[in-house]
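Below is one structure; the comments refer to it alone.
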Amino acid sequence: MDPIDNYVLVTGGAGYIGSHTVVEMIEAGYTPIIVDNLCNSSRESINRLEQITGKQIEFHELDILDERGLEELFASKHITQVVHFAGLKAVGESTSLPLKYYENNVMGTFILLKVMAKYRCKNIVFSSSATVYGDAKEVPISEDAPLSAVNPYGRTKLHIEGMLQDISAGDSEWNCILLRYFNPAGAHPSGLIGEDPKDIPNNLMPYITQTAIGKRQVLSVYGNDYETPDGTGVRDYIHVVDLAKGHIAALNHLSTKPGCVAYNLGTGRGYSVLEMIAAVEKASGKKINYKIVERRKGDVATSFADPSKALKQLGWSARYNQNDMCEHAWKWQSQNPNGYDPSPIDHA
Ligand code: NAD
Ligand code: UD1
């Protein structure tokens, strides 16, 4: 008989946000089981997790589209909750390959939910995104702002949120927490785990730190003519460890049987692209080579969260500041110039 009777399944737990959440889960006394097909992550992240936590971590290299594989896992372990990170997240790619995104994100979630229902595990925390607010008209953005999709990636998040709302409405045993992340950044303070984009980064922070380390030659700043204090885009960057702690608060809240409920995870404060560049320059002691280019299609001028609902109902708020975020991101990047790949960096 397995002595542990309540596992938490973490899909996509080898990835950036999932790995940081696994650390916090273990610290909070949860027993995670990771499933990940490693399509955008590395097995080395599991070794690092074991190094940080001093615990052996159960890991299954498995695709969430593999219904039989998931069934075998649910049949052999008593899984009571799921934290669902597994998904593809490259906005540009989702525009050129939308079916890949619908299959992986929407169908993958559908299969996961079907297996969960069969094994009567009806508690899930889902990685949604501030992208579900589309081109928000007002900041700060609260959870009841209008929802819309501006690209196929965003539409997969809206579809999944809709599925979770529908199953909760139809069956009161389901409890679903939708966490809408703003802009995750930073790394674990140990520098052992962090963001490791497999291709050229789409997001600002990994692009800045890769430029600082010399892996990228020049950072393109997408527009300096927005209606913002310095003309560059303003976003709500949130330390990934704060984000991870938000998942613990959500897991704890599931036991109150909340039904289906959405929370913003953000700091409530925005920083511009130029402010982020300056903060990484300070943290790293390196000059960041950048040039101003055209605006990126689909970008909004300003986006930041109203995080008060998560504070009120989950007792969660972000603790780390912009300096911590940049120092930890730099510690990760400088200790692991090529991410989890030990080979030396190619200077682009
Ligand atoms: P990530 O790519 O580092 O992690 C996702 C993990 O899921 C990867 O390890 C990948 O290998 C795995 N995966 C993907 N498809 C899978 C499948 N079919 N079966 C099994 N494993 C699969 O990304 P992340 O930044 O950690 O993001 C985690 C989640 O949070 C995603 O759902 C993403 O859409 C969402 N999110 C991320 C951000 C962000 O800026 N990083 C913002 C908002 C929302
Ligand atoms: C982007 C996605 C969003 C997704 C989120 C997390 C778009 C339009 N939006 O959000 O759907 O949920 O990532 O994955 O792709 N910037 C530069 N140079 C760069 C990169 C970014 O100047 O090389 C600027 C952007 O214009 C923006 C800010 O930095 O003002 C942040 O960009 P990014 O990190 O890509 O996040 P979002 O655009 O907020």
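Points worth noting:
- Helices of the chain meeting both criteria, an alpha-carbon length of 15 angstrom or more along the long axis and an average Kyte-Doolittle score not below -0.5, with helices taken as full DSSP H segments, are 16-27, 108-118, 152-170, 240-254, 273-284.
- In summary, the lysines within cross-link reach of LYS122, defined as a Cα separation below 30 angstrom excluding same-chain residues under 8 places away, comprise LYS55, LYS77, LYS89, LYS100, LYS114, LYS157, LYS245, LYS257, LYS309, LYS312.
- Each helix, a run of at least 4 DSSP H residues, gives -39500 (n - 2.57); summed and divided by the residues of the chain, these come to -11500 deg cm²/dmol at 222 nm.
- Other-chain or far-sequence residues with amide H under 5 Å of ILE79's (modelled H): TYR7
- Residues whose amide H comes within less than 5 Å of that of TYR133, counting only those at least five positions distant or on another chain, are SER148 (H built at 1.01 Å from N in the peptide plane).
- Proxy reagent accessibility, fewest Cβ within 10 Å first, across HIS84, HIS78: HIS78, HIS84
- Extension gain (nm, one decimal) between ALA75 and LYS282, 0.36 nm per residue minus Cα-Cα: 69.4 nm
- Over all Cα atoms in the range 114-191, the spread is summed up by Rg and Dmax: 14.9, 44 Å.
- Alpha-carbon Debye profile of the chain, log10 I(q)/I(0) at 0.12, 0.13, 0.14 Å⁻¹: -0.85, -1.01, -1.18
- Additional length obtainable on full extension of the chain from SER308 to TYR119, 0.36 nm per residue less Cα span: 64.6 nm
- Take every pair of alpha-carbon atoms less than 8 Å apart whose residues are at least six positions apart; their mean separation over the length of the range 153-229 yields a relative contact order of 12 percent.
- Span per principal axis, largest first, for the Cα atoms of the range 51-190 (Å): 48, 44, 30
- Rg [Å, one decimal], Dmax [Å, integer] - the range 148-290, C-alpha atoms: 18.3, 55
Just so you know, all these numbers are worked out from the coordinates, no wet-lab data involved. Here the structure is a predicted model, which means the values were calculated and not measured. So basically every Cβ, Gly included, is an ideal-geometry build from the backbone, and we count neighbours across all protein chains shown.
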